[in-house]
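Down below is the structure, laid out as structure tokens.
The values are calculated or read from the model by the stated rules, or taken from the named source; none is laboratory data. The structure displayed is predicted, hence computed values, not measured ones. As a convention, Cβ positions derive from the backbone with ideal geometry for all residues, glycine included, and neighbour counts pool all protein chains shown.
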Amino acid sequence: MNVAKRDVTLYVNGDRFTVTVEPRKSLADTLREDCHLTGTHLGCEHGVCGACTVLVDGEPVRACLMLAVQGAGHSIRTVEGLAAEDGTLHPLQQAFWDNHGLQCGFCTPGFLMLAAGLLESDEPVTDEVIDHVLSSNLCRCTGYQSITASVRAAAEVMRQ
């Protein structure tokens, strides 16, 4: 059965992308294949691992569970959108580097975007909140201590 493709305009990291996709194509696949933004990783493709987390209108979303057509008209931010245009790392990226918050790096983009959603929100950033928010993403390499330490360090920098 042929499914009619649709033109969709996505606003990703401040750039406009007009892509032609099948209505059933995930946002994660569209970001990677059509927008050539490969920082969004696909792990489980069931919304469990969190490696595909992006921000949609400032809220963390599992891009493997969202369709590209659902992203039309929304502001989407991927890990590529964290660093400044001059290449200066976002405080979260710097904190992950400084505090060894990554091992193989596969889960790192999802953790960075999840943490960015938290740190850029109005929610108070306490140790309990950080632990709760980060518990929704999986890492197979670390014991999470370095990841949570990285988010705590970034929170301190971003408060100043």
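Tabulated values for the structure
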{"item": "ALA68 being modelled with pLDDT of 95 or more, farther than 23 Å from LEU10 by Cα, surrounded by 14 or more Cβ atoms within 10 Å (Cβ to Cβ) and touching a helix residue (DSSP H, G or I) at 6+ places or on another chain (Cβ under 6 Å)", "result": "no"}
{"item": "Members of the range 81-117 that are in contact with a helix residue (DSSP H, G or I) (Cβ under 9 Å, 6 or more places away or on another chain) and charged (D, E, K, R)", "result": "ASP98"}
{"item": "Strands (runs of 3 or more DSSP E) wholly inside the range 1-62 containing at least 3 residues that are under 14 Å from the mean Cα position of the chain (by Cα) and modelled with pLDDT of 95 or more", "result": "53-56, 59-62"}
{"item": "Number of the condition not met by THR78 [criteria: (1) surrounded by fewer than 22 Cβ atoms within 10 Å (Cβ to Cβ); (2) in contact (Cβ under 8 Å) with a residue 60 or more places away in the chain]", "result": "(1)"}
{"item": "Qualifying positions in the range 90-116 - aromatic (Phe, Trp, Tyr) and either more than 17 Å from CYS139 (Cα to Cα) or without any contact (Cβ under 8 Å) to a residue 24 or more places away in the chain (or both)", "result": "TRP97"}
{"item": "Options GLU45, GLU59, GLU85; residue that is of a type in the set (D, E, K, R), in contact (Cβ under 8 Å) with a residue 40 or more places away in the chain and either touching a strand residue (DSSP E or B) at 6+ places or on another chain (Cβ under 6 Å) or closer than 24 Å to GLY101 by Cα (or both)", "result": "GLU59"}
{"item": "Selection from the range 131-160 of residues that are surrounded by 15 or more Cβ atoms within 10 Å (Cβ to Cβ), free of Cβ contacts under 8 Å to residues at least 40 places away in the same chain and closer than 21 Å to CYS64 by Cβ", "result": "VAL133, LEU134, CYS139"}
{"item": "Of all residues making up the range 30-55, the number that are touching a helix residue (DSSP H, G or I) at 6+ places or on another chain (Cβ under 9 Å), more than 20 Å from CYS139 (Cβ to Cβ) and surrounded by fewer than 19 Cβ atoms within 10 Å (Cβ to Cβ)", "result": "1"}
{"item": "Matching residues, the range 1-42, being aliphatic (A, V, I, L, M) and touching a residue at least 24 places away in the same chain (Cβ under 8 Å)", "result": "VAL8, LEU10, VAL12, VAL19, VAL21, LEU27, ALA28, LEU31, LEU37"}
